[in-house]
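A.B. asks: Structure provided below as structure tokens; questions to follow.
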Protein chains: 2
Amino acid sequence: MTKQQLFEQITKKNSYLCVGLDTDIKKIPSHLLKEKDPIFEFNRQIIDATAEFAVAYKPNIAFYEALGAKGWESLQRTIEYIPQECFTIADAKRGDIGNTSGLYARTFFDKASSGLDFDSVTVAPYMGSDSVMPFLEFEGKWVILLALTSNAGGDDFQQLQVNSLQQPITSNQSPVTSLYEQVILTSQKWADSERMMYVVGATKADKLLKIREIAPEHFLLVPGVGAQGGSLEEVSKYGMNKQCGLLVNSSRAIIYASSGEDFAQVAAKEAQAVQQEMEKYLQMYLN
Amino acid sequence: MTKQQLFEQITKKNSYLCVGLDTDIKKIPSHLLKEKDPIFEFNRQIIDATAEFAVAYKPNIAFYEALGAKGWESLQRTIEYIPQECFTIADAKRGDIGNTSGLYARTFFDKASSGLDFDSVTVAPYMGSDSVMPFLEFEGKWVILLALTSNAGGDDFQQLQVNSLQQPITSNQSPVTSLYEQVILTSQKWADSERMMYVVGATKADKLLKIREIAPEHFLLVPGVGAQGGSLEEVSKYGMNKQCGLLVNSSRAIIYASSGEDFAQVAAKEAQAVQQEMEKYLQMYLN
């Protein structure tokens, strides 16, 4: 999916909601456990119920691989089931030396090899350029690079002050001072905003203005609204650009809104509420 | 496996060799493709041939998951087949927010969930403390944290100069100046050398002296000898401590030493040659 196609979906649905499929066998409603593939059955019903309110789905790969081979089968069924017009994100946070990252790219992008065909994958930046480039060799696929994550531990290293390796791109930008900003600047040499997005946690909304100085055109994948406590309004106010530029993820607050047999209807209601709030922010902040 | 047990294996086998199982369906000898599970069959023969010369095995998870559910089945068979006395490493480079890292820990450590039961897993440090701690909740299991990796892209961020967050542990240590050193120092608050190791690439052997100042007791997992060009002698000279403290990995140079029907015998020969070199260094540098 191209950036323009993604923006078209956003304007069509008046939503930049990404539903996170953190599907935990220990948390899904118990009546599903009698199904042949309870994980897929849960996902199928969640997708059916939320697809009109969401532009993207993000299976969190940990939840599938924790079940071994069986989990990968559920993941494959899920990715095949997600409607074509929705952007799909393998939230895998992979990254390794070049030849190994090439295999991870096959995993998520090469259906003939793994059975999976995602639009994008989240990648950790620590190992640098050659850990990221192999993902970009798959035409039309996206890398979503970790920049500033939503968890408390993110502060251990991401906000360390570093000596900048390069001048800011334009003179009105602030000098680079933090590791996550250096990640955003350096990685712009690897791909532009048509192929790369950044992860920026909703719990760090105060940093979005500065991030928009150094990455004005990029889409940002924003987790941390919902269970983790980030504010959708702040994220939208400080992060939105002229093509929206935001995919805001909600996982637990939507998919586990009810633990009963009505889980899918309640999830739809939650997703719709978020979509309606997003519609308002699109009118206010899209420029 | 405890640190003491690992050291006992090293002294028993006179080896600190880790064989990397980067088993690629596109590279294994063609006569194996008629087997029901060619990946496992290749691994089985490699393990049989090299177990007397190696103290550890390191399946590179990318190579298995690139094959989807089928690959995870091969991985499960492989990990079950590795002799009990060998240390096992899931080279997965995972790391995510706490609840998700908990699922990744289940993947590699909780046999009842995933079918896998590794001794250790490699973890990326970018997301900080709560991305690492869930792996340490599994008693007796190890985290092997990325510090200074062997690839060229490792230099993009790992060697950035950072403002140190803490004083060095003892006064005779050099001031902290690089991100990877900060990773080593900060992470020592999360676990000691009985539960944590660091990845230090063999191509960065010149940095080992400095690393030993800040992590004198830790085991280091050292990839990059062999296909990537690192020197085993330099790594041993600068990296060895009084319990050896090194697991040196070789993948391609051993498992793909021959592409013919004799691949296992040739792999054994290569592994033996490395073991004999290691035996010499253990006599020279173990102190």
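The values are calculated or read from the model by the stated rules, or taken from the named source; none is laboratory data. All of these numbers come straight from a predicted model, not from anything done at the bench. Every residue, glycine as well, gets a Cβ built from its backbone with ideal geometry; the counts of neighbours run over all protein chains shown.
A.B. asks: Out of A:I255, A:I211, report the one residue that is over 18 Å from A:T149 (Cβ atoms) and in contact with a strand residue (DSSP E or B) (Cβ under 8 Å, 6 or more places away or on another chain).
C.D. replies: After ruling out the rest, the residue left standing is A:I255.
Condition check ((1) modelled with pLDDT under 95; (2) over 15 Å from the mean Cα position of the chain (by Cα); (3) buried (at least 18 other Cβ atoms within 10 Å of the Cβ); (4) among the aromatic types (F, W, Y)) across all residues:
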{"site": "B:Y180", "(1), (2), (3), (4)": "no, yes, yes, yes"}
{"site": "B:V183", "(1), (2), (3), (4)": "no, yes, yes, no"}
{"site": "B:T186", "(1), (2), (3), (4)": "no, yes, yes, no"}
{"site": "B:K189", "(1), (2), (3), (4)": "no, yes, no, no"}
{"site": "B:V200", "(1), (2), (3), (4)": "no, no, yes, no"}
{"site": "B:A227", "(1), (2), (3), (4)": "yes, yes, no, no"}
{"site": "B:K242", "(1), (2), (3), (4)": "no, yes, no, no"}
{"site": "B:N249", "(1), (2), (3), (4)": "no, no, yes, no"}
{"site": "B:Y256", "(1), (2), (3), (4)": "no, yes, yes, yes"}
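A.B. asks: Restricted to the stretch A:205-221, and to residues that are buried (at least 23 other Cβ atoms within 10 Å of the Cβ) and farther than 14 Å from A:Y285 by Cβ, which residue is farthest from the other protein chains (Cβ to nearest Cβ)?
C.D. replies: A:F219
A.B. asks: What is the residue count in the stretch B:11-37 for residues that are surrounded by fewer than 19 Cβ atoms within 10 Å (Cβ to Cβ) and in contact with a strand residue (DSSP E or B) (Cβ under 9 Å, 6 or more places away or on another chain)?
C.D. replies: The qualifying residues number 1.
A.B. asks: So in the stretch A:54-65, with the set limited to residues that are of a type in the set (A, V, I, L, M, F, W, C) and either away from chain B (no Cβ under 14 Å) or assigned to a loop (DSSP other than H, G, I, E, B) (or both), which one is surrounded by the fewest Cβ atoms within 10 Å (Cβ to Cβ)?
C.D. replies: A:A56
A.B. asks: Now for a separate question. Looking at A:A66, A:A49, A:A62 in this structure, which one is of a type in the set (G, A, S) and either at positive phi or touching a residue at least 60 places away in the same chain (Cβ under 8 Å) (or both)?
C.D. replies: It is A:A49.
A.B. asks: In the stretch B:113-137, what residues are under 16 Å from the mean Cα position of the chain (by Cα) and of a type in the set (D, E, K, R)?
C.D. replies: B:D117, B:D119
A.B. asks: Next question. Tell me, which residue of the stretch A:91-146 that is of a type in the set (F, W, Y) and outside any helix (DSSP H, G or I) is nearest to B:A124 (Cα to Cα)?
C.D. replies: Ranking the candidates gives A:Y126 first.
A.B. asks: If B:V199 satisfies every condition in (1) under 24 Å from B:K13 (Cβ atoms); (2) away from every other protein chain (no Cβ under 14 Å) but one, which is the exception?
C.D. replies: The single condition B:V199 does not satisfy is (2).
A.B. asks: While we're looking at this one, here's another question. In the stretch A:11-27, is there at least one residue being assigned to a helix (DSSP H, G or I) and among the aliphatic types (A, V, I, L, M)?
C.D. replies: Looking through the stretch A:11-27, none of the residues is assigned to a helix (DSSP H, G or I) and among the aliphatic types (A, V, I, L, M).
A.B. asks: Related question: Looking at the stretch A:87-107 only, could you name the residues that are of a type in the set (G, A, S), within 7 Å of chain B (Cβ to nearest Cβ) and buried (at least 22 other Cβ atoms within 10 Å of the Cβ)?
C.D. replies: A:G95
A.B. asks: If A:A51 satisfies every condition in (1) touching a strand residue (DSSP E or B) at 6+ places or on another chain (Cβ under 9 Å); (2) surrounded by 24 or more Cβ atoms within 10 Å (Cβ to Cβ); (3) hydrophobic (A, V, I, L, M, F, W, C) but one, which is the exception?
C.D. replies: With respect to (1) touching a strand residue (DSSP E or B) at 6+ places or on another chain (Cβ under 9 Å); (2) surrounded by 24 or more Cβ atoms within 10 Å (Cβ to Cβ); (3) hydrophobic (A, V, I, L, M, F, W, C), A:A51 is out only on (2).
A.B. asks: Another one. How do the pairs read when you match residues in the stretch A:237-266 that are under 20 Å from A:E194 (Cα atoms) with residues anywhere that are of a type in the set (S, T, Y) and surrounded by fewer than 21 Cβ atoms within 10 Å (Cβ to Cβ), using Cβ under 6 Å and keeping only pairs 6 or more apart or on different chains?
C.D. replies: A:M240/A:Y285
A.B. asks: Hey, any hits in the stretch A:66-86 for a residue that's surrounded by 23 or more Cβ atoms within 10 Å (Cβ to Cβ), away from chain B (no Cβ under 14 Å) and not in a loop (DSSP other than H, G, I, E, B)?
C.D. replies: Checked the stretch A:66-86: no residue is surrounded by 23 or more Cβ atoms within 10 Å (Cβ to Cβ), away from chain B (no Cβ under 14 Å) and not in a loop (DSSP other than H, G, I, E, B).
A.B. asks: Any idea which of (1) touching a residue at least 60 places away in the same chain (Cβ under 8 Å); (2) surrounded by 21 or more Cβ atoms within 10 Å (Cβ to Cβ) is the one A:E279 doesn't satisfy?
C.D. replies: All conditions pass for A:E279, except number (2).
A.B. asks: Is it true that A:D110 is acidic (D, E), farther than 18 Å from B:I97 by Cα, under 20 Å from the mean Cα position of the chain (by Cα) and at the interface with chain B (Cβ under 8 Å from one of its Cβ atoms)?
C.D. replies: Spelling it out, A:D110 is indeed acidic (D, E), farther than 18 Å from B:I97 by Cα, under 20 Å from the mean Cα position of the chain (by Cα) and at the interface with chain B (Cβ under 8 Å from one of its Cβ atoms).
A.B. asks: Next question. Pairs only if they're at least six apart or on different chains, beta carbon under 9 angstrom, first in the stretch B:187-202 and touching a residue at least 60 places away in the same chain (Cβ under 8 Å), second of a type in the set (K, R) and crowded, with 23+ Cβ neighbours inside 10 Å; list them, first residue then second.
C.D. replies: From the stretch B:187-202, the pairs are B:V199/B:K93.
A.B. asks: Determine, yes or no, whether A:F157 is in contact (Cβ under 8 Å) with a residue 12 or more places away in the chain and under 20 Å from the mean Cα position of the chain (by Cα).
C.D. replies: When the stated conditions are applied, A:F157 does not pass them.
A.B. asks: Quick check: is even one residue across the stretch B:85-94 free of Cβ contacts under 8 Å to residues at least 12 places away in the same chain and of a type in the set (K, R)?
C.D. replies: Within the stretch B:85-94, not a single residue is free of Cβ contacts under 8 Å to residues at least 12 places away in the same chain and of a type in the set (K, R).
A.B. asks: Give the stretch B:120-157 a look and list any residue that's more than 7 Å from every other protein chain (Cβ to nearest Cβ), in contact with a strand residue (DSSP E or B) (Cβ under 7 Å, 6 or more places away or on another chain) and surrounded by 21 or more Cβ atoms within 10 Å (Cβ to Cβ), or say none.
C.D. replies: Across the stretch B:120-157, the qualifying residues are B:S120, B:V121, B:T122, B:V123, B:V132, B:F135, B:W142, B:V143, B:I144, B:L145, B:A147, B:L148.
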